[in-house]
Amino acid sequence: MLNPAFCGRMLYGAIRAYSEEAQRDFPFPLVYLVLPLLLHKATRQSISSRTQFLIWQQQNEHRLVHFAERTRQLVKITNEAIEFLLQTGYILVNESGELAAVPTKRALNKTKFADDEVKECVNKSEHIARWFARAGKVETIYIGLGVRP
């Protein structure tokens, strides 16, 4: 679950979904919040597209107790996944320092060669991205999750 290609696939899904929802590129600081939400199984399974982000935070405070520590532990893995996506040409960093899915690149398939857990991770990465797109400022999202940049 921690290999750069798999983690990159989840980040790619989040970056694309965020851009589609928000009509802008993905703020770089948010990329560090995606994997800690997805790779912790109980947290991932509690994510629902039917629930707004702030409501989910309130209902799942117990899942966020060690979230800041999980986030710190996954910085290196996140960086490797971003590097992988940049090297393969699936994302780029724009002039504002935001992440964008390369429009000329063919989108990665969501289900090819994937078991149920992988499919769940990819789908939930898109849910998280839509949450972030609707939640407002980066600072608000970080504060809600109890993390400091």
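The values are calculated or read from the model by the stated rules, or taken from the named source; none is laboratory data. All of these numbers come straight from a predicted model, not from anything done at the bench. Neighbour counts run over all protein chains shown; Cβ positions are idealised from the backbone, glycine included.
Count of the stretch 1-15 residues, restricted to those that are of a type in the set (Phe, Trp, Tyr) and more than 15 Å from VAL102 (Cβ to Cβ), is 1.
Scanning the stretch 20-50 for residues that are under 17 Å from LYS137 (Cβ atoms) and among the polar types (S, T, N, Q) yields one hit, GLN23.
Is it true that GLU80 is surrounded by 15 or more Cβ atoms within 10 Å (Cβ to Cβ) and of a type in the set (Asp, Glu)? Yes, satisfied. Scoring SER48 on the criteria (1) over 10 Å from the mean Cα position of the chain (by Cα); (2) within 22 Å of GLU80 (Cα to Cα); (3) among the small types (Gly, Ala, Ser) leaves a single failure, condition (2).
Within the stretch 51-94, the set of residues being of a type in the set (Gly, Ala, Ser) and under 20 Å from ARG16 (Cβ atoms) comprises ALA81, GLY89. Checking each residue in the stretch 21-69 for being of a type in the set (D, E, K, R), crowded, with 17+ Cβ neighbours inside 10 Å and within 18 Å of PHE6 (Cα to Cα) picks out only ARG44. Every listed requirement among (1) surrounded by 12 or more Cβ atoms within 10 Å (Cβ to Cβ); (2) closer than 20 Å to PRO29 by Cβ; (3) among the basic types (Lys, Arg) is met by LYS137 save one, (1).
Per-residue answers, yes or no, for (1) without any contact (Cβ under 8 Å) to a residue 24 or more places away in the chain; (2) closer than 22 Å to GLY146 by Cβ:
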{"position": "ASP25", "(1), (2)": "no, no"}
{"position": "VAL31", "(1), (2)": "no, yes"}
{"position": "LEU37", "(1), (2)": "no, yes"}
{"position": "ARG50", "(1), (2)": "yes, no"}
{"position": "GLN59", "(1), (2)": "yes, yes"}
{"position": "VAL75", "(1), (2)": "no, yes"}
{"position": "TYR90", "(1), (2)": "no, no"}
{"position": "GLU95", "(1), (2)": "yes, no"}
{"position": "CYS121", "(1), (2)": "no, no"}
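Pairing residues of the stretch 135-149 that are under 13 Å from ARG70 (Cα atoms) and assigned to a loop (DSSP other than H, G, I, E, B) with residues that are modelled with pLDDT of 90 or more and of a type in the set (Val, Ile, Thr), at Cβ distances under 7 Å and at least 6 apart in sequence or on separate chains, gives VAL147/THR71. Among the residues of the stretch 96-114, just one is modelled with pLDDT under 90 and either surrounded by 18 or more Cβ atoms within 10 Å (Cβ to Cβ) or of a type in the set (Phe, Trp, Tyr) (or both), namely PHE113. The condition of being touching a helix residue (DSSP H, G or I) at 6+ places or on another chain (Cβ under 7 Å), within 20 Å of TYR12 (Cα to Cα) and modelled with pLDDT of 90 or more holds for only one of ARG130, ARG63, that being ARG130.
If the requirement is being under 13 Å from PHE6 (Cβ atoms), at pLDDT 90 or above and not aliphatic (A, V, I, L, M), which of these qualifies: GLU117, GLU80? Even if it seems obvious, please write down each step before you answer.
Working: GLU117 fails: at pLDDT 90 or above.
None of the others qualify; the one that does is GLU80.
Considering the stretch 42-99 alone, what residues qualify as being of a type in the set (Val, Ile, Thr), assigned to a helix (DSSP H, G or I) and in contact with a Phe, Trp or Tyr (Cβ under 7 Å, 6 or more places away or on another chain)? Steps first, answer last, please.
Initial filter on the stretch 42-99 (of a type in the set (Val, Ile, Thr)): 43, 47, 51, 55, 65, 71, 75, 77-78, 82, 88, 91, 93.
Of the ones still in play, those that are also assigned to a helix (DSSP H, G or I) are 43, 55, 71, 75, 77-78, 82, 88.
Of everything in the stretch 42-99, those that are of a type in the set (Val, Ile, Thr), assigned to a helix (DSSP H, G or I) and in contact with a Phe, Trp or Tyr (Cβ under 7 Å, 6 or more places away or on another chain) turn out to be THR71, VAL75, THR78.
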